[in-house]
Amino acid sequence: MADSELEQLKARRVTALYRLDLIGKGAQLTYDDGTAVDMKSERARLEDMVADLDRRIARLETTVH
């Protein structure tokens, strides 16, 4: 079970890093209603998410391996 959770966290981290890369390349996101997403806030949110995932992954890796 821990291996499955670890793989899920790693996949979420890859997705967040991919989105950060897109933002870094100038991507502009919009909500379904067409309102522009505040990219500065989105970048900060994703960076926080990656940091949290890094901590969770490290914790799981020490208990699994």
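The values are calculated or read from the model by the stated rules, or taken from the named source; none is laboratory data. Please read all numbers here as calculations on a predicted model, not as lab measurements. When the accessible area is computed, the model is the full protein with side chains, heavy atoms only, and any ligands, DNA or RNA have been set aside. Shrake-Rupley method; radii C 1.70, N 1.55, O 1.52, S 1.80 Å.
General remarks:
- For the range 27-39, putting each phi into the Karplus relation 6.51 cos²θ - 1.76 cosθ + 1.60 with θ = phi - 60° gives couplings of 4, 10, 9, 10, 6, 4, 7, x, 5, 5, 7, 5, 5 Hz, in residue order, rounded to whole numbers and with x for Gly and Pro.
- At q = 0.14, 0.19 Å⁻¹, base-10 log of I(q)/I(0) for the range 1-50 (Debye sum, equal scatterers on each alpha carbon): -0.43, -0.67
- Amide hydrogen neighbours beyond the local backbone of VAL37, cut-off 5 Å, H modeled: LEU29, THR30, TYR31
- Share of carbon and sulfur in the accessible area of the chain stands at 52%, probe radius 1.4 Å.
- Among VAL14, VAL37, VAL50, the largest mean-square fluctuation in a Gaussian network model of the chain (Cα springs under 10 Å) belongs to VAL37.
- Computed from Cα atoms, the angle from the helix 2-24 axis to the main principal axis of the chain rounds to 30 degrees.
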